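*Asks:* The structure's right below; bear with me while I get my questions together.
The values are calculated or read from the model by the stated rules, or taken from the named source; none is laboratory data. What you are looking at is a predicted structure, and each value in this text was computed from that prediction instead of being measured. So basically every Cβ, Gly included, is an ideal-geometry build from the backbone, and we count neighbours across all protein chains shown.
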Amino acid sequence: MGDVIFARAKKKALTVGVALLDIDFFKKVNDNYGHDAGDIVLRQLGSLLIEDFEGEVASKDVVARFGGEEFCFLLVADNQKQIEIRLSALRQRIENDCFILNDGFELKVTASIGLFTGEARDLESA
């Protein structure tokens, strides 16, 4: 699926971004609040990402859990700046959100996002 999106975007001369999101200090969440709390954070973050990527504008983008507390993105836009703005807004939304644990405790987390938008002949080399 990603290869098809990448090829279409390149054919239309659109900018393709490959990004990786990592929840900052996620090990501390598990260590301090337990793995159940970590699972809750991952599920709530997953819901937030689904909500963010369901829109009509985002229909050409892909987000997937990469492993542990990491999520990867394939983003298509007219230019790199649009992708940077979108990811910055997402990072800010995560930072502003409260993750509600089973006992009602509100937990705040932050995330770091790395982005590649350079020239690549195919998705694998990106």
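*Asks:* Test Arg65 against the stated conditions and say whether it is more than 20 Å from Cys98 (Cβ to Cβ), in contact with a helix residue (DSSP H, G or I) (Cβ under 9 Å, 6 or more places away or on another chain) and at pLDDT 90 or above.
*Replies:* yes
*Asks:* Among the residues that make up region 98-116, is at least one of them of a type in the set (Lys, Arg), out of contact with any Lys or Arg (no Cβ under 7 Å at 6 or more places or on another chain) and farther than 22 Å from Leu45 by Cβ?
*Replies:* No; the residues of region 98-116 include none that is of a type in the set (Lys, Arg), out of contact with any Lys or Arg (no Cβ under 7 Å at 6 or more places or on another chain) and farther than 22 Å from Leu45 by Cβ.
*Asks:* Do we have any residue at all in region 91-102 that's within 22 Å of Met1 (Cβ to Cβ) and either buried (at least 17 other Cβ atoms within 10 Å of the Cβ) or among the acidic types (Asp, Glu) (or both)?
*Replies:* Looking for residues that are within 22 Å of Met1 (Cβ to Cβ) and either buried (at least 17 other Cβ atoms within 10 Å of the Cβ) or among the acidic types (Asp, Glu) (or both), one finds none in region 91-102, hence no.
*Asks:* Take residues that are without any contact (Cβ under 8 Å) to a residue 24 or more places away in the chain and tell me which of the strands (runs of 3 or more DSSP E) falling wholly in region 35-126 contain 3 or more.
*Replies:* In region 35-126, the matching strands (runs of 3 or more DSSP E) lie at 62-67.
*Asks:* Another question, if that's okay. If I filter region 63-87 down to residues being farther than 28 Å from His35 by Cα and under 14 Å from the mean Cα position of the chain (by Cα), which single residue comes out as surrounded by the most Cβ atoms within 10 Å (Cβ to Cβ)? Even if it seems obvious, please write down each step before you answer.
*Replies:* The initial filter retains those residues of region 63-87 that are farther than 28 Å from His35 by Cα, namely 74-86.
In the following step, the residues that additionally are under 14 Å from the mean Cα position of the chain (by Cα) were identified as 74-76, 83-86.
Values: Leu74: 21, Leu75: 26, Val76: 21, Ile83: 22, Glu84: 17, Ile85: 12, Arg86: 19.
Among residues in region 63-87 that are farther than 28 Å from His35 by Cα and under 14 Å from the mean Cα position of the chain (by Cα), the one surrounded by the most Cβ atoms within 10 Å (Cβ to Cβ) is Leu75.
*Asks:* Can I ask one more? Would you point out the residue of region 95-110, among those that are touching a helix residue (DSSP H, G or I) at 6+ places or on another chain (Cβ under 7 Å) and farther than 13 Å from Tyr33 by Cβ, that is modelled with the highest pLDDT?
*Replies:* That would be Thr110.
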